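Presented below is the structure to which this report refers.
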There are 2 protein chains.
Amino acid sequence: MSARREQANQEAFRRLVEGDPVLIDVQKAIDVLPGMQPNMVLTSGRPLPWDSYVGAQRMAILYGAMYESLAETVEEADRKIRSGEILVASTHEHGVAGAHTGIHTASTPVFVVEDRATGTRGHSSLFEGDAPRRLNQGCYGDDVIALLRFVDDILAPTLGEAIRKSGGIPLRPIVRRSLNLGDDLHMRTVAATLLFTRALFPALLELSRERPEEVRRTVSFLETAEYSFFRVELAMVKALTDAATGVEGSSLVTKMAMSCDGFDVQVSGLGRQWFGVPQHPTFEGKFFRPETRLEDCGFYGTDSVIVECLGVGAFAGAAAFALQNWSSSERLVARSLAMYTITHGEHPEFKIPYFNFRGIPTGIDVFKVLETGTVPLINGFIVNMKGHGLAGAGTLHMPLGAFQAAADAYRARYGDE
Amino acid sequence: MSARREQANQEAFRRLVEGDPVLIDVQKAIDVLPGMQPNMVLTSGRPLPWDSYVGAQRMAILYGAMYESLAETVEEADRKIRSGEILVASTHEHGVAGAHTGIHTASTPVFVVEDRATGTRGHSSLFEGDAPRRLNQGCYGDDVIALLRFVDDILAPTLGEAIRKSGGIPLRPIVRRSLNLGDDLHMRTVAATLLFTRALFPALLELSRERPEEVRRTVSFLETAEYSFFRVELAMVKALTDAATGVEGSSLVTKMAMSCDGFDVQVSGLGRQWFGVPQHPTFEGKFFRPETRLEDCGFYGTDSVIVECLGVGAFAGAAAFALQNWSSSERLVARSLAMYTITHGEHPEFKIPYFNFRGIPTGIDVFKVLETGTVPLINGFIVNMKGHGLAGAGTLHMPLGAFQAAADAYRARYGDE
């Protein structure tokens, strides 16, 4: 490796690990997302032509337009998208990372995380609970609308005010501690959600004098919705990876994203360009129901796979042995160890107790991926494509082709070094 | 082993693992501890003649008498103890388990835990925070008094009311989950304290309307005092081990306790009798300060070693790799595995994720200890005997002699089978 690439990677790595992300607010998308429009629907993954959005991701976009009152029916929404009255765009181009299909419209409340080291901001919508049917999974109906209304009317304003009252919630301590408390921070955010809830509690207590019922419902929600922190984390990783984007000469991966059409990555030294393949990960894990068949399952797109760029999720699986109800301790350890072979360095503060507090493997290097033939692993879900929602949980092996494409582009730009 | 002993051990084991402990209240010792007297000072370990209490444990008893206003000086307290005006007794004979020297006087607030399966109750005083000088460590002064006043006047009444308002806090779910969240439940109770705090949130919110300042201070305390749950746990294990006491023919250990004078155990089939040796555990761990010398360190007594009777602490060390800042993952695993060789069974609900959710090793059998020569291990502290407080944390190897003495008594009573 050239000294120049090494130095550039060190700089991109530094921005990833030295960021100081603080959760500062909850605001409506239209008020905080760069370039957001009243008639815009954002969705996960690289931008696709409208006709390439299929299945649950297509339905989620149409339903998102309806929830935002941009259309009354899916047919009307489809027509308005074709005519340009409704705009469809990619989350990542508007400062936001989305879970599942990642639908964000103008009125969607989003967490606002600021990296105080660079001023970069990231955003993500709020978790609406463990219900099997959700807009982000391409479902719609009165049940789905009720969940979103709760988020819009109760959860978001209450959390927003509590966050502002508390002067912002520093996220490094929550991430650091949750890895000591058995979270991988992709499939388990139980400890992080507990720590996040506790951090908000003094402000919620204060707020409860004015709005006792809203606070009571918010606290009750956070008690059961133990995946709530993940959206804060998405906003955080979006900010940190954006801060690490555009380091001239760096071959570190700054984005991974799935759409219904395939898998794509961005590389720091190549800016905001996507490199991908029309291919989805292979799945190794457990189905929630024994009758589920792999051939009925697939992926509808998600930005959540970005968190592994920071070295949490599957990279930190050895911090979260409770995950082995769909894996095994041995596999979680082996997979985390493998990720050290494709990353630039070890995080100086976020550590894995089982490895004698070795830092999590941070900063995927496309060339290390190619040299070792080891693809990044993701702790994630697979979806039943027949509309039955999440079908199973496990480890996703990401397609090598996206990293090959990025490496080719890197060589084309920087030469073969 | 005889069929009778096997059956008796199964029954004692059943009482340990099928108990349904619920935290129901905080009350003053005088109001809830069986046989408690206004002029009584309780302390950890088996009962000793007054002159056998030495060092920090003796000082803690004298200071306890002063805090309760039974005497104004240590000299007066000593005189009144000799004359019988002040009574000194053992925690375990009054339904309570004590941390460190375990001082409980009439006005000491205690957690009340009821095992709903048997009706048995256990108690323990409240954690007063991480201050280096505390009454239970044999320290006294304005700083120590201020901590105790906070507990008496703010923490205990607020927690008591919150617990009653919430209708009791079931403890099985907290213990089960905290083992998935990296607690061993002796040296780490971080997750359990978070879960406990969250369980109280709704009641605290409600209570804050009447007493905002008390609730604010209580919440702020629980945020930093991450060892708070341990006292709830002591009360819980006291109840469960009392429920398992007195099963005719059982050779399971129902109590372990230290005094300044030595180490003692009780065995289910031998009732409330103590069997011990004038000997303390050996220590393997890390000192907090590099200049500490082992020869300056020792033990002043504690009932906290009781929790290993349930199979948490060192027995569940492989659930808590974050502890390896004074150990190593390999040692934590090896030690937990060794404990399976001296226990009756595996807990059906409290499990260790790293061992593919194998139940924690529960129910120490004195005969298995002797047959294997493997002594119970404890995750605990060692104390600087020159009055400098806690000196280090690590694994304690308990003296074999106490188990030998109990086995001899068992054979004398039940025959050599």
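The values are calculated or read from the model by the stated rules, or taken from the named source; none is laboratory data. Model, not experiment: these values are computed from the prediction. Heads up, the Cβs are rebuilt from the backbone with ideal geometry, glycines too, and the neighbour counts pull from every protein chain shown. Just the protein is used for accessible areas: all its heavy atoms, side chains included, with ligands, DNA and RNA removed. Shrake-Rupley method; radii C 1.70, N 1.55, O 1.52, S 1.80 Å.
Look at (1) more than 10 Å from every other protein chain (Cβ to nearest Cβ); (2) open to solvent by less than 20 Å² (accessible area, probe 1.4 Å); (3) without any contact (Cβ under 8 Å) to a residue 24 or more places away in the chain and you find that B:E213 fails only one, number (2).
All conditions in (1) closer than 17 Å to B:E161 by Cα; (2) away from chain A (no Cβ under 11 Å); (3) open to solvent by 10 Å² or more (accessible area, probe 1.4 Å); (4) not aromatic (F, W, Y) hold for B:G271, with the sole exception of (1). Look at the stretch B:179-207: where a residue is more than 10 Å from chain A (Cβ to nearest Cβ) and a partner is among the charged types (D, E, K, R) and surrounded by 24 or more Cβ atoms within 10 Å (Cβ to Cβ), sitting 6+ places away or on another chain with Cβ atoms under 8 Å, you get B:L185/B:E233; B:H186/B:E308; B:T189/B:D183; B:T189/B:E233; B:A192/B:D183; B:A192/B:E233.
Residues in the stretch B:319-334 that are surrounded by fewer than 18 Cβ atoms within 10 Å (Cβ to Cβ) and under 26 Å from B:R134 (Cα atoms): B:N325, B:W326.
Scoring A:G276 on the criteria (1) surrounded by 17 or more Cβ atoms within 10 Å (Cβ to Cβ); (2) assigned to a helix (DSSP H, G or I) leaves a single failure, condition (2).
With respect to the stated conditions, A:R188 is farther than 22 Å from B:L222 by Cβ and not in a helix (DSSP H, G or I). For the subset of the stretch B:291-311 comprising residues that are among the hydrophobic types (A, V, I, L, M, F, W, C) and in a loop (DSSP other than H, G, I, E, B), which member is nearest to B:I360 (Cα to Cα)? Ranking the qualifying residues of the stretch B:291-311, first place goes to B:L310. Taking the stretch A:279-290 on its own, how many of its residues are assigned to a loop (DSSP other than H, G, I, E, B) and out of contact with any Pro (no Cβ under 9 Å at 6 or more places or on another chain)? Summing the residues that are assigned to a loop (DSSP other than H, G, I, E, B) and out of contact with any Pro (no Cβ under 9 Å at 6 or more places or on another chain) in the stretch A:279-290 gives 3. Please specify each residue of the stretch B:167-194 satisfying the condition of being basic (K, R) and surrounded by fewer than 24 Cβ atoms within 10 Å (Cβ to Cβ). Those that are basic (K, R) and surrounded by fewer than 24 Cβ atoms within 10 Å (Cβ to Cβ): B:R172, B:R176, B:R177. Among the residues of the stretch B:375-398, the one identified as more than 18 Å from the chain's Cα centre (by Cα) and at pLDDT 95 or above is B:V375.
Of the residues A:V54, A:V96, the single one that is farther than 20 Å from A:H388 by Cβ and touching a residue at least 12 places away in the same chain (Cβ under 8 Å) is A:V96.
Within the stretch B:355-377, being within 14 Å of another protein chain (Cβ to nearest Cβ) and open to solvent by 40 Å² or more (accessible area, probe 1.4 Å) holds for B:N356, B:F357, B:R358.
Scanning the stretch A:336-373 for residues that are touching a residue at least 40 places away in the same chain (Cβ under 8 Å) and charged (D, E, K, R) yields A:E349, A:K351, A:D365.
Among residues that are in contact with a helix residue (DSSP H, G or I) (Cβ under 7 Å, 6 or more places away or on another chain), surrounded by 24 or more Cβ atoms within 10 Å (Cβ to Cβ) and at negative phi, B:G98 is included.
Could you count how many residues in the stretch A:3-26 are at pLDDT 95 or above and either touching a Gly at 6+ places or on another chain (Cβ under 7 Å) or open to solvent by less than 20 Å² (accessible area, probe 1.4 Å) (or both)? Show your work before the answer.
Of the stretch A:3-26, the ones at pLDDT 95 or above are A:5-26.
So of that shortlist, the ones also either touching a Gly at 6+ places or on another chain (Cβ under 7 Å) or open to solvent by less than 20 Å² (accessible area, probe 1.4 Å) (or both) come out as A:5, A:8-9, A:12-13, A:16-17, A:19, A:21-26.
Residues flagged as at pLDDT 95 or above and either touching a Gly at 6+ places or on another chain (Cβ under 7 Å) or open to solvent by less than 20 Å² (accessible area, probe 1.4 Å) (or both) within the stretch A:3-26 amount to 14.
Only a single item in (1) in contact with a His (Cβ under 9 Å, 6 or more places away or on another chain); (2) under 30 Å from A:A203 (Cα atoms) is not met by A:G35, and it is number (2). Would you mind stating whether B:T91 is open to solvent by 10 Å² or more (accessible area, probe 1.4 Å) and at pLDDT 95 or above? Criteria not met by B:T91. Residues of the stretch A:320-330 include none that is under 23 Å from A:K368 (Cβ atoms), among the small types (G, A, S) and modelled with pLDDT of 95 or more. From the list A:T197, A:T120, the lone residue that is β-branched (V, I, T), more than 30 Å from A:S69 (Cβ to Cβ) and open to solvent by 10 Å² or more (accessible area, probe 1.4 Å) is A:T120. Residues of the stretch A:65-79 include none that is buried (at least 23 other Cβ atoms within 10 Å of the Cβ) and in contact (Cβ under 8 Å) with a residue 60 or more places away in the chain. Condition check for B:G298 on (1) without any contact (Cβ under 8 Å) to a residue 40 or more places away in the chain; (2) small (G, A, S); (3) surrounded by fewer than 24 Cβ atoms within 10 Å (Cβ to Cβ): one failure, at (1). When you check B:A316 against the structure, is it aliphatic (A, V, I, L, M), open to solvent by less than 30 Å² (accessible area, probe 1.4 Å) and within 14 Å of another protein chain (Cβ to nearest Cβ), yes or no? Yes, satisfied.
Any idea which of B:L240, B:L222 is within 14 Å of chain A (Cβ to nearest Cβ), modelled with pLDDT of 95 or more and open to solvent by less than 10 Å² (accessible area, probe 1.4 Å)? I'd like the intermediate steps shown before the answer.
On the way: B:L240 fails: within 14 Å of chain A (Cβ to nearest Cβ).
Selected residue: B:L222, the only one of B:L240, B:L222 that is within 14 Å of chain A (Cβ to nearest Cβ), modelled with pLDDT of 95 or more and open to solvent by less than 10 Å² (accessible area, probe 1.4 Å).
If you go through the stretch A:137-185 and keep only what is in a helix (DSSP H, G or I) and modelled with pLDDT under 95, you end up with just A:Q137. Residue-level check: of (1) within 30 Å of B:G298 (Cα to Cα); (2) among the β-branched types (V, I, T); (3) outside any helix (DSSP H, G or I), B:V247 misses just (1).
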